[in-house]
Amino acid sequence: MATQETPGTTGTSPEALDEALAPLAAALGDRLLTPSADTFADTAAVFVGGPPLTPAAVARVRTTDEVVTALAVARDAGLPLAVRSGGHHQARHALVDGGLVLDLRLLDGVEIDTAAGVGRAHGGVLAGAYTAAAGAHGLATGFGDTATVGVGGISLGGGIGYLSRRDGLTVDNLLGAEVVLADGKVVQADADNNPDLYWALRGGGGNFGVVTRLDLRLREVGTVTGGMMMWEPTPARLATVLRAFAEGPEEFSGMVNVMLAPPVPMIPAELHGKPVLMALLCHSGSAEDAAEVFGPLRALGTLLDGVREIPYTALFEGPGGPPAGGVGDVRTGFLGEGVWAPGEDWAAAAIEAVAGASGPSAVNIRPMGGAISRVDPAATAFAHRDPAFMVSVGGTAMAPEALPATTAWVASAAEALGVRGRGYVNFMGTATDQDVRNAYPEATLARLREVKRAYDPGNLFASNHNVAPRA
Ligand SMILES: Cc1cc2nc3c(=O)[nH]c(=O)nc-3n(C[C@H](O)[C@H](O)[C@H](O)COP(=O)(O)OP(=O)(O)OC[C@H]3O[C@@H](n4cnc5c(N)ncnc54)[C@H](O)[C@@H]3O)c2cc1C
């Protein structure tokens, strides 16, 4: 292993760093990367770009024992630590300047236990890989809509996607987990073992330990009716789509973006850069029931209609999402409650906001309700159970000099659309104290702090929307 000057490692000389990392170098060999390694930059890169953040080392662990060793090294040397799975969090939690990145991507085992109805994902599995493995048995656990998101990050923060109105959030289907705690103990967290930790993991993110295995409930999901639909943006069309979500069956879900059509192959070239309503939709019930839902949406006059009967797994093929490497900002909030949808005035404001954006920017609207709202807010650390919709305003600057205009657009569009206050921890571009308070109601945050004091009193796991042990 070679090291070089790591300016971000406050007060740690290269020799001291070498010495601190020695047990990890002995355990991992060339899977411990420092900035001089040829593959370091690619390995450390995360989905969202931004100002340079250079870790002192990336540890590509393969086993729970190696996780234990890495945590001991970080703890003993006082090295800041980041835990990385899919690397998709927009606040770039998977990077830490001058510290150690514990990269879980080689912990990529998936076991589909059809008899127990449980999928076991190791800590670095991606949503697409798990979905393909479960899909081979006609089964699924609902995540979001993007294959490259880590099961670890989405399952610990919430998990809102195609199946959540029917089956609940991903956290509602997390049955248990194996967790390596800050002190190196390996514990099980579920309804019977460490129930306080189990509660906190379901929404509290990576604050409490390294999750090396997630046990997820599987449901039968074979062929669905789904895909992309696009319309020219008018307030009436957007309001109709949102009403279809709110009033439709729980088998129907997805999201609609108000955006400029991105230049991706699945969208005809003549639409690229044009303002559109772009929906990714899924109906997991019968084809006849689906036809009733999609009929009125087709009657709106589509620019593109890719909805058809397909295997559920096909919704997770391809990269999805905005282009990787952009720098940006995202804010989320919740609108309404119960069976309710924003009307045409709000829809007009969303369309107007996007017309003023530059670069890849979107107002992303997802229905909640259904099974999400039937869970007691106190049952999991994800407590925002009553909203009808989640709205995210996201902007991406593909060059750093475009960033101020992008963040200003995100702020003004969010304000215009009432996207403020309570938010979803997995869709926050910043991680201030106020963001943490927006993610967790007061009573939830107080309870999370109690669990933090019990399991990570020294706040080793701090590269996240941090629940500090004390307020
Ligand atoms: C293109 C795109 C599409 C998205 N689509 C959706 C969607 O449809 N629905 C939705 O709900 N969300 C969605 N998200 C948000 C996504 O859920 C979060 O960004 C999530 O945190 C990403 O998880 P990750 O493992 O990829 O990220 P990372 O950045 O690797 O991790 C995120 C956080 O989780 C912690 N963490 C991850 N794995 C573990 C583990 N095994 N043990 C302990 N801590 C861990 C990390 O330390 C970090 O704090 C999307 C994000 C992007 C960029």
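The values are calculated or read from the model by the stated rules, or taken from the named source; none is laboratory data. Model, not experiment: these values are computed from the prediction. As a convention, Cβ positions derive from the backbone with ideal geometry for all residues, glycine included, and neighbour counts pool all protein chains shown. To get the accessible areas, we keep the full protein, side chains included, count just its heavy atoms, and leave off ligands, DNA and RNA. Shrake-Rupley method; radii C 1.70, N 1.55, O 1.52, S 1.80 Å.
Side notes on the structure shown:
- Sparse-neighbourhood loop sites, trypsin sites (Lys or Arg not before Pro) in region 171-223 - DSSP loop, at most 14 other Cβ within 10 angstrom: K185
- For region 277-293 versus region 84-139, the spacing of their alpha-carbon centroids is 28 Å.
- Positive-end residue of L300, P377, S36, charge dipole of the chain with Cβ unit charges: P377
- The share of accessible area on region 223-427 that comes from carbon and sulfur is 58 percent, using a 1.4 angstrom probe.
- Per-residue ³J(HN,Hα) for region 232-245, Karplus 6.51 cos²θ - 1.76 cosθ + 1.60, θ = phi - 60°, Hz, x for Gly and Pro: 5, x, 9, x, 5, 5, 4, 4, 5, 4, 5, 5, 4, 4
- Probe 1.4 Å, protein heavy atoms only - accessible area per residue of region 121-223 in square angstrom: 26 Å²
- For V224, the amide hydrogen comes within under 5 Å of the amide hydrogens of I310, Y312, counting only partners 5 or more places away or on other chains and with H modelled in the peptide plane.
- Over region 1-159, the ratio between the Cα radius of gyration and 2.2 N^0.38 Å evaluates to 1.11.
- Residues in region 14-103 average 39 Å² of solvent-accessible surface per residue, probe 1.4 Å, ligands and nucleic acids excluded.
- Here the Karplus relation 6.51 cos²θ - 1.76 cosθ + 1.60, evaluated at θ = phi - 60°, turns the backbone of region 413-422 into coupling constants of 5, 4, 4, 4, 9, x, 8, 7, x, 3 Hz, with x for every Gly and Pro.
- Sequence ranges 441-448, 276-283, ranked by mean other-Cβ count within 10 angstrom, highest first: 276-283, 441-448
- The Cβ shell under 9 Å around G119 holds other residues with a net charge of -1, Lys and Arg each +1, Asp and Glu each -1.
- The Rg/Rh ratio for region 110-220 is 0.94, where Rg is the radius of gyration of the alpha carbons and Rh is the Kirkwood radius.
- In sequence order, calculated HN-Hα J values of region 23-36 (Karplus, 6.51, -1.76, 1.60; Hz; x Gly/Pro): x, 6, 4, 5, 7, 9, x, 7, 8, 9, 9, 10, x, 7
- By accessible area, using a 1.4 Å probe on protein heavy atoms only, region 110-220 has 49% of its surface on carbon and sulfur.
- Separation of alpha-carbon centers, region 160-210 and region 398-436, rounded to whole Å: 27 Å
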